[in-house]
Amino acid sequence: GAPSGNLSYLGEDPNAYRDLYEKKSNREEDDFSDIIDLTRTFDPAQTPDNVFADELETWIDAGEWAQFFALQSIVTNNDGGIWSDNGEDYFLYRVPDDSPRPDAGKFLLLPWDIEEAFTDAAQRLFAPAVPSIRRFLAHPRFAQLYYRELALLRDGPFSRLEMRRSFGFVSSMFPAAEVFNVVDPLESYLTDRIGYLDEN
């Protein structure tokens with residue numbers, strides 16, 4: 001219930017954002033104008049639906065954001081965060097404007113704290129309750145990207161073959177007596193989550 005960095009627009013005063021978006025770099029500049037611009041874009045009162053997608057794509061790498069939320073959905077991260085019900089447990093990184101990267105000047109989402117995953121194989125695909133994220137994922141242009149990323153993950157890293165290959169690492173992280181107790185629930189989750197994805 002406490003205020004968090006949920007990308008809500010809080011007006012033009014940088015002080016309204018300062019405690020919610022802790023700077024990890026460029027601290028001396030103390031410039032929150034890009035965060036203010038980003039949050040303003042998510043606000044329906046500030047950015048109408050007919051220009052929302054175009055405006056948002058000037059600020060974010062939409063494909064990377066779609067991939068971020070698809071991955072959180074695939075592994076059903078049930079910890080509170082930007083992918084669920086509040087503005088916690090993620091980093092925003094803005095690629096420098098002068099970068100040679102194709103996403104120069106755009107915000108990327110970086111994960112943090114993914115320790116409560118693989119818990120709810122029937123979690124719905126559009127689980128986020130944060131209004132800014134729901135607006136993003138529900139928009140037809142971005143929903144396509146989200147579904148594409150779900151399919152790519154389902155057929156690639158989250159496929160039965162690739163996930164089972166990763167189970168081999170369990171024996172190097174846990175005592176031999178515990179390996180089955182770690183792998184068996186993951187195997188059950190994998191089967192159920194793939195079934196849910198295919199059905200939905």
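Can you tell me, using C-alpha contacts under 8 Å and at least 6 residues apart, the relative contact order of segment 125-200 as a whole percent?
Values: 21 pairs, mean separation 15.8, N = 76.
For segment 125-200, the relative contact order is 21 percent.
Find the accessible area per residue for segment 29-153; the probe is 1.4 Å, ligands and nucleic acids are left out, and the unit is Å². Provide the component values of the computation, followed by the final result.
On the way: 5910 Å² over 125 residues.
It amounts to 47 Å² per residue over segment 29-153.
Stokes-Einstein diffusion coefficient for the chain at 4 °C in a medium of 1.567 mPa s, Rh from the Kirkwood formula over Cα pairs: what value in µm²/s? Numbers along the way, then the final one.
Working: Rh = 18.5 Å.
Calculated translational D: 70 µm²/s.
Round to a whole number: what % of the accessible area of the chain belongs to carbon and sulfur, probe 1.4 Å?
C and S fraction of accessible area: 52 percent.
Among Val51, Leu20, Met173, which residue has its Cα positioned farthest towards the positive end of the charge dipole of the chain, with +1 placed on the Cβ of Lys and Arg, -1 on the Cβ of Asp and Glu, and the dipole taken about the Cα centre?
Met173
Working from Cα positions, state the angle (0 to 90°, nearest 10) between the long axis of helix 33-42 and the longest principal axis of the chain.
70
Treating the beta-carbon of each Lys and Arg as +1 and of each Asp and Glu as -1, no other charges, what is the dipole magnitude of the chain about its Cα centre, to the nearest 20 debye?
Values: 18 positive and 37 negative charges, 130 e Å.
In debye, rounded to 20, the chain gives about 620.
Going by alpha carbons, how many degrees (0 to 90, nearest 10) lie between the helix axis of 179-199 and the longest principal axis of the chain?
Long axis of 179-199 versus the principal axis of the chain: about 60 degrees.
Of all the C-alpha pairs in segment 55-153, what % are more than 25 Å from each other?
Within segment 55-153, distances greater than 25 Å cover 15 percent of Cα pairs.
Express in whole angstrom the spacing between the alpha-carbon centres of segment 1-66 and segment 169-187.
Computed from Cα coordinates, the inter-centre distance equals 41 Å.
For the chain, what's the relative contact order in percent, using C-alpha pairs closer than 8 Å and at least 6 residues apart?
Details: 237 pairs, mean separation 40.2, N = 200.
Over the chain, the number comes to 20 percent.
The values are calculated or read from the model by the stated rules, or taken from the named source; none is laboratory data. Since the model is a prediction, treat every value here as computed from it, not as a measurement. Note: ideal-geometry Cβ built from the backbone for every residue, glycine included; neighbour counts use all protein chains shown. Side chains are part of the model used for accessible areas, which takes the heavy atoms of the whole protein and leaves out ligands, DNA and RNA. Shrake-Rupley method; radii C 1.70, N 1.55, O 1.52, S 1.80 Å.
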